[in-house]
Each structure stands twice: as structure tokens, then as C-alpha cells.
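The values are calculated or read from the model by the stated rules, or taken from the named source; none is laboratory data. Remember, it's a predicted structure, so these values are computed and weren't measured experimentally. Virtual Cβ from ideal backbone geometry, glycine too; neighbours counted across all protein chains shown. Please note that ligands, DNA and RNA were not included when accessible areas were found on the heavy atoms of the full protein model with its side chains. Shrake-Rupley method; radii C 1.70, N 1.55, O 1.52, S 1.80 Å.
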Amino acid sequence: MEGENLTSWSFFFLEGFSRYPKLEIVLFIFSLLMYLITLLGNSTLILITVVDSRLQTPMYLFLGNLSFMDICYTSASIPTLLVNLLSSQKTIIFSGCAIQMYLSLAMGSTECVLLAVMAYDRYVAICSPLRYPIIMNRKVCVQMATISWVTGSLTALLETSFALRIPRCGNLIDHFTCEILAVLKLACTRSLLMDTIMLVISVLLLPIPLLLICISYVFILSTILRINSAEGRNKAFSTCGAHLTVVILYYGAALSMYLKPSSSGSQEIDKIISLLYGVLTPMLNPIIYSLRNKEVKDAVKKVLGKMYLQQTQEHLS
């Protein structure tokens, strides 16, 4: 196999958690439960932002996009993980691996940009409330969301296309998914071009958006502290708390994965971080926004009330 190009092979072996067979059933139950909650929670958020007219605002437009990304991100990898956890042959076809890698990178990169856009939205809402409807009109919001998607899609296409063209000396991926860093470890030789692409994109999509988020919150915090009424300060903190919590969870996991030295830590730790990053964070996002946002809770109650009333009427008829 030495020096053979993997593009001549039709599948990958995924190491996953096969070194811990007794743990696999526990991970299966955990992952399945988290995945179902992710689908339910994010689908509910998308539904209420569409049907409730009070939520037709920029914040909820971006939140709907975030929920859709979380559904796509988890659906790209978790079903394969669930199948492989119960299977003795943990394989994935080459085209499936390429699609999985692309979707994971695209959704993750898009979310980096979108979280920065959402921070700017909160900045305008709190620091320039009178001009907010003019600055964040629907056309601008759609353009911002589109830029997030285009940026994530193009950078993911660039990374995936180069990663899969590099000659590899094996087809055993020491991961539970076709995660790009794990795939690149199969390379026969280091590629300076690929390393440069990864570094540039990682810097553009991780530290820079995070810096913009931090700058936005410096101005937000400064404005909030100048609010005289305690009720006004609490309301302002409430509108930012959910987003800030999501940012900390998302960037904490992402930075630990993509901006650490390649020699630090073990692959098993990377797998655990990836699992938390890919399952737990998307599941928590709708829960965080629901618990911290009265408008979302009221909208959910309204939708559930309508569904209950409709079922009652059908039962009586």
C-alpha cells in the first residue's frame, strides 16, 4: 500500500470508538438521544419563527438559519456514527466521506460567520435602537445571512477538494467521522499548500469573527452599564445572554480542535471534543434560546396551544 493514492480505493475504515467496545452502546444511546433532541428543538425553533408574526425580526431570521445549520451539521455525521457504533464493519464509501467532510466544514464555517453577524445585530439593537429598523432592514439581513452561507460553502469546497486530492498511504481514519484533520493524517507526506490553506481559513473563520464578536460586546456592555433602570439593564442582558452562551460553547470547542498544535493531546480526546462539538452544542442551542428568551417561550406555548385546540376539536367532531 505504500505510496498508493487513496482515490483508487472506494471506501474508508472509521476507527471510531472500536477500541472501547463496551462503551459503544452507551455512546449509541447518548448520541441517538442528543440527535433526536437536536432535531426536535431546532425544528421547533424554525417552525415558530415562521408561523409567529412577532418573531419576524432580524434576530429570529438569523436564529432560524442557525437552527437549520445545526440540523444539517448533525445530520451529516451522526447517522453514520450511529450505524457504525452497532456495526462490526465501520466503513464509509469515498463519495460519502467527501460529502460528510464538505457538509461538516460548510456548516461549521457558516456558523462562525453567522455568530459574528448575530453579535453585530445585538450591537445595533442595543447601541442604536432608534436606527435599528433602518440599519437592520430585511434586505440587509438576508444579504448578511447569504454572505455567511456563501463564505462557509466556498471555504469548505476549497478545503475538501484539496484534502481529498492529497496522496494517502492508508484508508483507516482514526475518528468516528470524516473529520478533515483525521483524514489529513493519512497523507504520505505533508503538503505545504494544504497546511497553508487550513491555517488561513482557520484564522479567517475563527479568531477574526471571534474578535469582532468581542468588540461588539465591549460596546454593548458599555451601553448597558449606562442604562439607568435595572429593568432596562436586565432586558438588555437577556437579549444578549443566549447568544453569548452559544458563542462560548461553539468557539470553545472549535478553537480547541483547530488552533492547537497538532502534536498536543491524544486522538481519543479529539474524538470526545468532536462528539461534544457535533452533538451537544447543536442540541443546547435551541434550549439556551428558549430558556433565556420570553418571546420564544410564549411563541412555543402559542403553537402548542393551537395544536392542542385543533386536536380537541377533531376529537369532539
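Details
- Candidate set: segment 190-226, residues that are under 18 Å from residue 241 (Cβ atoms) and small (Gly, Ala, Ser); chosen: the one modelled with the highest pLDDT: 216
- Qualifying residue in segment 58-76 (condition: within 21 Å of the chain's Cα centre (by Cα), acidic (Asp, Glu) and part of a helix (DSSP H, G or I)): yes
Yes/no matrix, rows are residues, columns are (1) out of contact with any Cys (no Cβ under 6 Å at 6 or more places or on another chain); (2) open to solvent by 30 Å² or more (accessible area, probe 1.4 Å); (3) of a type in the set (A, V, I, L, M):
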| residue | (1), (2), (3) |
| --- | --- |
| 106 | yes, no, yes |
| 109 | yes, no, no |
| 126 | yes, no, yes |
| 133 | yes, yes, no |
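- Verdict on residue 78 being touching a helix residue (DSSP H, G or I) at 6+ places or on another chain (Cβ under 8 Å), at pLDDT 90 or above and open to solvent by 20 Å² or more (accessible area, probe 1.4 Å): no
- Residue list for segment 162-194, restricted to those being in a helix (DSSP H, G or I) and touching a helix residue (DSSP H, G or I) at 6+ places or on another chain (Cβ under 9 Å): 162, 163, 180, 181, 182, 183, 184, 193, 194
- In the condition set (1) at pLDDT 70 or above; (2) open to solvent by 50 Å² or more (accessible area, probe 1.4 Å); (3) among the charged types (D, E, K, R), residue 292 is compliant with all but (1).
- Qualifying residue in segment 105-118 (condition: part of a helix (DSSP H, G or I) and free of Cβ contacts under 8 Å to residues at least 24 places away in the same chain): no
- Applying the condition of being in a loop (DSSP other than H, G, I, E, B) and at pLDDT below 80 to segment 6-23 and asking which residue is nearest to residue 185 (Cα to Cα) yields 9.
- Checking residue 274 against (1) modelled with pLDDT of 70 or more; (2) surrounded by 12 or more Cβ atoms within 10 Å (Cβ to Cβ); (3) out of contact with any Ser or Thr (no Cβ under 8 Å at 6 or more places or on another chain); (4) part of a helix (DSSP H, G or I), the condition it does not meet: (3)
- Qualifying position, being open to solvent by less than 50 Å² (accessible area, probe 1.4 Å) and in contact with a Phe, Trp or Tyr (Cβ under 7 Å, 6 or more places away or on another chain), among 86, 63, 23: 63
- Where residue 44 falls short, out of the listed (1) in contact (Cβ under 8 Å) with a residue 60 or more places away in the chain; (2) part of a helix (DSSP H, G or I); (3) within 30 Å of residue 186 (Cβ to Cβ); (4) of a type in the set (Ser, Thr, Tyr): (3)
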